[in-house]
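The values are calculated or read from the model by the stated rules, or taken from the named source; none is laboratory data. What you see is a predicted model, and the numbers here were worked out from it, not measured in a lab. Ideal geometry is used to build each Cβ from the backbone, glycine not excepted, and the neighbour counts take in all protein chains shown. Remember, those area values only see protein heavy atoms, side chains included, never the ligands or the DNA or RNA. Shrake-Rupley method; radii C 1.70, N 1.55, O 1.52, S 1.80 Å.
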Amino acid sequence: MESLASELISEYTDDLNSRKDWETTIQEGMDLLGLKVEERAEPWEGACGITHPMLTEAVVRYQAEMIMETVPASGPVRTKVLGKETPEKVDAAQRVENDMNYRLMDEMPEWRTEQERLYWSQPLMGSAFKKVYYDPSMGRQVSMFIPADDLIVSYGETSLQSAQRITHRMRKNKNEIRKLQVSGFYHDVELGDPPRDIANLQKKRNELTGIDAINDTRYRLLEIHTYLDLEGYEDEKDGEVTGIALYRIS
């Protein structure tokens, strides 16, 4: 198991290195938002630094318009009857629409907030992601926003569907992980101390949002979706092992 973990971490590191130029571009672009006061020493000590808010205004406008379009007062879900409409189909479609809107807007209170965060990040980074899954510690489905810098794939991949490997880099505090260990979601292993190092792009995002990385005591977890040919779980055809790696989560 340790050798498999080392191999996966090595491949994850390769994926990170493949997109370094992209990360550098995003970091430089964040400086153009003008959200942080800079103490300048060029061209002289204490020089005034001004950043035009055009980029920030465009991001805010995009976020506002997307929220209005996708989250109207009646709810974000709309159903459509395929084929010939009948009173029974229309009634069933309306029940599905009402149920889905109730689950998103009432049972999942984080849904709209996470959606707004996504619409802020998307125009800045070019991509943004949502992850919907069952959280045993909450006992319900949750919908979480994932920044593009926390979803790592090799830069040469053309889509998530065809990607050889997808890594979700998560941060959880000790109590959150312990809850998931007790529920059986994670293996019950010793956690040790959380790492203090932080990626450059995450550091830049923390600076803009006022998060102190030094006092961040959360653990970093890597959820890797990849293809593996594991002993005891081999792909077979006509009773023979094919050697084909199958899609797995580790």
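Observations on the structure shown:
- Selection within the stretch 13-34: residues that are hydrophobic (A, V, I, L, M, F, W, C) and either modelled with pLDDT of 85 or more or within 19 Å of the chain's Cα centre (by Cα) (or both). The member of this set that is farthest from residue 60 (Cα to Cα) is 16.
- Counted residues, the stretch 96-136 - those being among the small types (Gly, Ala, Ser) and either on the phi > 0 side of the Ramachandran plot or over 26 Å from the mean Cα position of the chain (by Cα) (or both): 1
- Being modelled with pLDDT under 90, aliphatic (A, V, I, L, M) and not in a helix (DSSP H, G or I) holds for only one residue in 198, 166, 146, and it is 198.
- All of 215, 175 fail the test of being modelled with pLDDT under 85, farther than 30 Å from residue 100 by Cα and open to solvent by 60 Å² or more (accessible area, probe 1.4 Å), apart from 215.
- Per the listing 81, 132, the residue uniquely surrounded by fewer than 17 Cβ atoms within 10 Å (Cβ to Cβ) and not in a loop (DSSP other than H, G, I, E, B) is 132.
- Among the residues making up the stretch 223-243, those that are under 30 Å from the mean Cα position of the chain (by Cα) and not in a loop (DSSP other than H, G, I, E, B) are 223, 224, 225, 226, 227, 228.
- For the stretch 149-162, a residue qualifies if it is free of Cβ contacts under 8 Å to residues at least 60 places away in the same chain and in a loop (DSSP other than H, G, I, E, B), and the qualifying residues are 157, 158, 159, 160, 161, 162.
- Just one of the listed residues (93, 58) is over 20 Å from the mean Cα position of the chain (by Cα) and at pLDDT 95 or above, and it is 93.
- Applying the criterion of being assigned to a loop (DSSP other than H, G, I, E, B) and of a type in the set (A, V, I, L, M, F, W, C) to the residues of the stretch 62-78, the residue that is modelled with the lowest pLDDT is 73.
- Residues in the stretch 86-129 that are of a type in the set (Ser, Thr, Tyr) and either in a helix (DSSP H, G or I) or open to solvent by 80 Å² or more (accessible area, probe 1.4 Å) (or both): 4 in all.
- Of the residues making up the stretch 138-172, just one is open to solvent by less than 60 Å² (accessible area, probe 1.4 Å), under 18 Å from residue 107 (Cβ atoms) and among the polar types (S, T, N, Q), namely 143.
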